[in-house]
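What follows draws every value from the coordinates through simple rules; no lab data is involved. These numbers come from a predicted model, not from an experiment. Every residue, glycine among them, receives a Cβ derived from its backbone with ideal geometry; neighbour counts consider all protein chains shown.
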Amino acid sequence: MNQDVIIQCKDDIELAAYPTKPAVEHGTDSMVTEIKKRAKIIEKHHEILIATRQCGLLIILQGMDAAGKDGTTKHIASNLNPIGTIINSFKVPNEDEREHDYLWRVHNRVPARGEVGIFNRSHYEDVLVPMVTNEITAKTCQKRYRQINDFEKMLVENDIIVIKLFLHISKSEQKTRLEKRLRKPQKQWKFSMADLEARKKWGDFSCIYEETLSKTSTSHAPWHIIPADDKLYRNYLVSRLLLEVFESLNLNYPDLDQTLKDIVIED
């Protein structure tokens with residue numbers, strides 16, 4: 001992985017040290033061409049994954065409000081076969097979910113082998129938000145870090161590859177995007193006063209994100225910090241990462257069942 005996509009497994013993470021914009025110059029036309037090229041290859045890999053059911057892929061998207069989670073979800077899904085694609089978004093737990101442990105609702109939505117699952121927000125919301133709002137203690141937070149690491153390790157050991165993406169945007173870019181949501185009729189449905197309240201706590205969310213990324217970036221499920229101020233560049237990086245994951249699997253179509261080789265289909 002080169003300087004465009006940053007992976008941290010053990011080091012303490014300070015988000016201010018990581019770029020939110022492209023680290024190097026990329027031409028728009030060349031990025032569009034490359035994204036389209038990768039999309040065809042990724043779709044073929046996904047088709048083979050569906051056929052072999054060798055493993056499953058779980059893609060976790062996290063980021064500040066307006067970081068581009070919806071857009072990234074749409075981009076990833078557009079490269080995949082709908083038959084084997086599962087998308088979930090985790091909102092505030094409902095009454096039934098609150099009666100269970102916080103991972104209960106998440107585990108049930110993990111993709112099966114042969115599927116690619118996308119979590120647009122995830123179990124990490126049960127650490128990030130409660131810590132900023134003081135709904136859980138620091139001790140409970142540390143406990144949840146350990147539980148999440150164990151949970152993800154269990155998934156990996158059961159053939160579910162966990163790909164975690166933190167979409168890293170600047171505060172100024174967030175302002176621009178929130179203003180567009182407020183002013184453009186086609187985007188107003190996405191605007192919420194809660195976004196403004198969360199923006200007031202930008203520093204608090206940054207601090208808890210830094211701790212969360214540091215504590216839960218593991219060898220079996222590392223965090224990938226994606227510069228996300230530029231949407232096209234973000235998609236360029238995400239498509240490259242997804243392609244690299246698929247290529248590492250060395251997938252091939254399954255061999256024909258030998259009991260079927262002599263079958264003749266009549267006219």
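In µm²/s, what is D for the range 109-169 at 20 °C and 1.002 mPa s, where D = kT/(6 pi eta Rh) by Stokes-Einstein and Rh is the Kirkwood radius from Cα pairs?
Answer, rounded: 163 µm²/s.
Using amide H atoms built 1.01 Å from N in the peptide plane, name the residues 5+ places from Ile118, or on other chains, whose amide H lies under 5 Å from its own.
Under 5 Å from the amide H of Ile118 lie the amide H atoms of Ile59, Ile86, Ile87, Asn88, each far enough along the sequence or on another chain.
Given contacts defined as C-alpha pairs under 8 Å and at least six residues apart, what's the relative contact order of the chain, whole-number percent?
36
Could you check which residue among Gln147, Gln188, Gln54 shows the biggest mean-square fluctuation in a GNM of the chain with a 10 Å Cα cutoff?
Gln188
Return the Rg/Rh value of the range 1-130, two decimal places, where both radii are evaluated on C-alpha atoms and Rh is the Kirkwood radius.
Rg/Rh: 1.00.
Between helix 138-157 and the chain, what is the angle of the helix's C-alpha long axis to the longest principal axis, kept within 0 to 90° and rounded to the nearest 10?
10
Could you put Thr28, Thr52 in order, starting from the residue whose Cβ has the fewest other Cβ atoms within 10 Å?
Fewest-to-most Cβ neighbours within 10 Å comes out as Thr28, Thr52.
On a C-alpha basis, how far is the centre of the range 59-108 from the centre of the range 117-186 in Å? Whole number, if you could?
Value for the Cα centre distance between the two parts: 10 Å.
Arrange Arg53, Arg144 by Cβ neighbour counts within 10 Å, fewest through most, would you?
Ranked by crowding around the Cβ, least crowded first: Arg53, Arg144.
For every helix of n ≥ 4 consecutive DSSP H residues, a contribution of -39,500 (n - 2.57) applies; sum these over the chain, divide by its total residues, and give [θ] at 222 nm rounded to the nearest 500 deg cm²/dmol. It would help to have the intermediate numbers written out before the result.
Values: 10 runs with 126 residues, N = 267.
That comes out to -15000 deg cm²/dmol.
Would you mind classifying the range 63-192 by shape? Square roots of the alpha carbon gyration tensor eigenvalues, ordered a ≥ b ≥ c; an a/c under 1.5 is rounded, otherwise it is prolate if a/b is larger than b/c and oblate if not.
On the way: a/c = 1.91, a/b = 1.20, b/c = 1.59.
Judged from the Cα gyration tensor, the range 63-192 comes out oblate (a/c at least 1.5, b/c at or above a/b).
For Cα pairs less than 8 Å apart in space and 6+ apart in sequence, what is the mean separation divided by the residue count of the range 127-267, i.e. the relative contact order in percent?
31
Can you give the Kirkwood hydrodynamic radius of the chain from its Cα pairs, in Å with one decimal?
Kirkwood radius, the chain: 19.9 Å.
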